[in-house]
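Only one structure is covered here, and it is reproduced in the block below.
The values are calculated or read from the model by the stated rules, or taken from the named source; none is laboratory data. Predicted, not measured: the structure shown is a model, and the values here were computed from it. A quick note on method: Cβ atoms are made from the backbone with ideal geometry, for glycine too, and the neighbour counts reach across all protein chains shown. Accessible surface areas use protein heavy atoms only, side chains included; no ligands, DNA or RNA. Shrake-Rupley method; radii C 1.70, N 1.55, O 1.52, S 1.80 Å.
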Amino acid sequence: MGNQKLYKGSLQTIILQLLASNEKMYGYEITQKVKELTKGELNITEGALYPALHKLEADGLLDVEVANVGNRLRKYYKLTENGSKETANKVSEMQEFLRTMQHLVNPKFSLE
């Protein structure tokens, strides 16, 4: 996608939805899964990912589990109960936003 800035406001929703689909994930795994799902169109940088993860954790939406993998500590992120509820809300908001945008950019072609 030509404009990475369009994704910036969606990053938390993307992270929450990925974690809803996977029991737990670590940071690099999240970036690679997004790249895979978007066929390389979206590359999430560490500079964007980790502040978003830390905010979601501070907001009580994520739990962190630390594991020793190959003599390295790896942080795994997973949804809390509140995180699961917020994921449903954020996904619903995103779907509504996309429907509204579709009406604006192409009123003759509607997703409804």
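Before moving on, here are some points about what is shown:
- Candidates 14, 30 - the one that is closer than 22 Å to residue 95 by Cα, at pLDDT 95 or above and part of a helix (DSSP H, G or I): 30
- Filter result for residue 17 (in contact (Cβ under 8 Å) with a residue 12 or more places away in the chain, open to solvent by 70 Å² or more (accessible area, probe 1.4 Å) and within 26 Å of residue 96 (Cβ to Cβ)): yes
- Number of positions in the stretch 64-112 that are of a type in the set (Phe, Trp, Tyr) and free of Cβ contacts under 8 Å to residues at least 24 places away in the same chain: 2
- Restricting the first member to the stretch 33-53 and to residues that are open to solvent by 30 Å² or more (accessible area, probe 1.4 Å), and the second to residues that are of a type in the set (A, V, I, L, M) and assigned to a helix (DSSP H, G or I), the beta-carbon pairs closer than 9 Å and six or more apart or on different chains are 33/18; 37/18; 43/34; 48/11.
- Test: residue in the stretch 54-63 that is of a type outside the set (Val, Ile, Thr), modelled with pLDDT of 95 or more, buried (at least 17 other Cβ atoms within 10 Å of the Cβ) and in a helix (DSSP H, G or I): yes
- Subset tally (residues that are buried (at least 17 other Cβ atoms within 10 Å of the Cβ) and either in contact (Cβ under 8 Å) with a residue 40 or more places away in the chain or of a type in the set (Ser, Thr, Tyr) (or both)) for the stretch 5-14: 4
- Qualifying residue in the stretch 83-99 (condition: in a helix (DSSP H, G or I), more than 17 Å from residue 9 (Cα to Cα) and within 13 Å of the chain's Cα centre (by Cα)): yes
- Residues of the stretch 69-83 that are open to solvent by 60 Å² or more (accessible area, probe 1.4 Å) and among the polar types (S, T, N, Q): 71, 82.
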